[in-house]
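In what follows, a structure is listed as structure tokens, so that the remarks can point back to it.
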Amino acid sequence: MLACIMKLKLLLLILLIIITLGTFNAHSKIYKVGEKLTNNQVNIDNNLIINLTEGEWVVARRDELHWGWLTQFLFGFARVENGELMEIIEIYDANMGASYQSYLDEAVYELTFKDPYDGCYERPEYYLVEVYKAGKAHNCLVVAHRDLIKEINTPDDPQARSNSVDYRIWLRENDIKLPNIVLYSKHSYFSRHRGGAWYSIARFINPKELNAPKNKFLTEETSEYHKNNLENYPEHKSTMEKWISNSAKFQQQFEIMNKSKKHQNLDLARYILDDNSNKKQENIMKSLKQLNDLFKSGVLSEEEFIKAKKKILN
């Protein structure tokens, strides 16, 4: 979906040429579109076990591609609250096998670092990119925001629209409201020391989940969350910092699930907010808002407002 998960058909086309005698063993749990998750947990290959936030989760997308022994899966799990989409987690699961490694590894590399629409490299719309890359192995974290309505209906990548058909059907049949702007993170890991397993996870979250302020600008370029605009919107910046912290913690768990070697792990400690710091920042923002409301209503004079504001910030 959404031009952010790997081009499965392209990979299959590459592999079709070389896989005549190859072997592939897939062990993914098979989820069905419309299936409701009962335990707030996703189990992929018995390696990736992802705990979901509380709420009702449903399988909204499934792609399953086969050619000979080659099988790849992509599942999209969604959570809705009061008729509005709150979260999507997409999981791509493939095993590159032991045969034809040079061809397969090159295909993974091309799809990860050479995709013109999305990938593990710096792009103007990405807020943060952290990558480990050695040979054809990689470990990657991307944090950004997305114009979700555009991504589903009119993405820049023409192939992505056909890939998101399951979502459009599910959204239409269930009359689900989409947030214009969502926060996004991508987590991708591939290494031969794991037997060629390749996992990529994309997460999309409604900013409401982080108690974010409303957005006035609803395109990807104009959004308050765009890295070129964020300094002008301190409350949105605080929300993005919380999302980065959340994504960094998730990446650390992702590395553990992948049994990543120590030298392959990303150095993310500086992005993680401790709970006390996070709570203090929320209290400051709440106090400033209350103070501003008092000033606008005329309860406080400008002099009283400035003095109280200085006291909160200090």
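Numbers at a glance
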{"quantity": "Given (1) among the charged types (D, E, K, R); (2) more than 20 Å from the chain's Cα centre (by Cα); (3) under 26 Å from residue 224 (Cα atoms), number of the condition residue 186 does not satisfy", "calculated": "(2)"}
{"quantity": "Qualifying residue in segment 197-214 (condition: free of Cβ contacts under 8 Å to residues at least 60 places away in the same chain and among the polar types (S, T, N, Q))", "calculated": "no"}
{"quantity": "Residue match in segment 243-257 (condition: assigned to a loop (DSSP other than H, G, I, E, B), modelled with pLDDT under 95 and in the same structural domain as residue 77 (by TED's automatic domain parsing))", "calculated": "no"}
{"quantity": "Conditions (1) assigned to a helix (DSSP H, G or I); (2) of a type in the set (S, T, N, Q); (3) modelled with pLDDT of 70 or more; number of the one not met by residue 260", "calculated": "(1)"}
{"quantity": "Strands (runs of 3 or more DSSP E) wholly inside segment 136-221 that include at least 1 residues being over 22 Å from residue 233 (Cβ atoms) and aromatic (Phe, Trp, Tyr)", "calculated": "181-190, 197-205"}
{"quantity": "Candidates 79, 62, filtered to the one that is in contact (Cβ under 8 Å) with a residue 12 or more places away in the chain and more than 24 Å from residue 252 (Cα to Cα)", "calculated": "62"}
{"quantity": "Residue within segment 69-82 that is at pLDDT 90 or above, more than 23 Å from residue 160 (Cβ to Cβ) and either assigned to a loop (DSSP other than H, G, I, E, B) or acidic (Asp, Glu) (or both) present", "calculated": "yes"}
{"quantity": "Residues being closer than 21 Å to residue 287 by Cβ, of a type outside the set (Val, Ile, Thr) and in contact (Cβ under 8 Å) with a residue 12 or more places away in the chain - total across segment 235-254", "calculated": "6"}
{"quantity": "Number of positions in segment 209-226 that are within 17 Å of residue 243 (Cα to Cα) and exposed (fewer than 15 other Cβ atoms within 10 Å of the Cβ)", "calculated": "2"}
{"quantity": "Residue list for segment 83-115, restricted to those being in a loop (DSSP other than H, G, I, E, B) and either of a type in the set (A, V, I, L, M, F, W, C) or out of contact with any Asp or Glu (no Cβ under 8 Å at 6 or more places or on another chain) (or both)", "calculated": "96, 97, 98, 99, 100, 114, 115"}
{"quantity": "Qualifying residue in segment 294-303 (condition: part of a helix (DSSP H, G or I), at pLDDT below 90 and surrounded by 11 or more Cβ atoms within 10 Å (Cβ to Cβ))", "calculated": "yes"}
{"quantity": "Residues of segment 143-196 classified as in contact with a strand residue (DSSP E or B) (Cβ under 6 Å, 6 or more places away or on another chain) and acidic (Asp, Glu), total", "calculated": "1"}
{"quantity": "Subset of segment 40-66 [among the aliphatic types (A, V, I, L, M) and surrounded by fewer than 18 Cβ atoms within 10 Å (Cβ to Cβ)]", "calculated": "49, 52, 58, 65"}
{"quantity": "Cross-chain or 6+ apart pairs with Cβ under 7 Å, segment 157-179 first and of a type in the set (A, V, I, L, M), then part of a helix (DSSP H, G or I)", "calculated": "178/148; 178/149; 178/171"}
{"quantity": "Checklist (1) buried (at least 19 other Cβ atoms within 10 Å of the Cβ); (2) at pLDDT 95 or above; (3) under 16 Å from the mean Cα position of the chain (by Cα) applied to residue 121, failing item", "calculated": "(1)"}
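The values are calculated or read from the model by the stated rules, or taken from the named source; none is laboratory data. Only a predicted model underlies this, so the values are computations on that prediction, with no experimental measurement involved. Cβ: placed from backbone, ideal geometry, glycine included. Neighbour counts: every protein chain shown.
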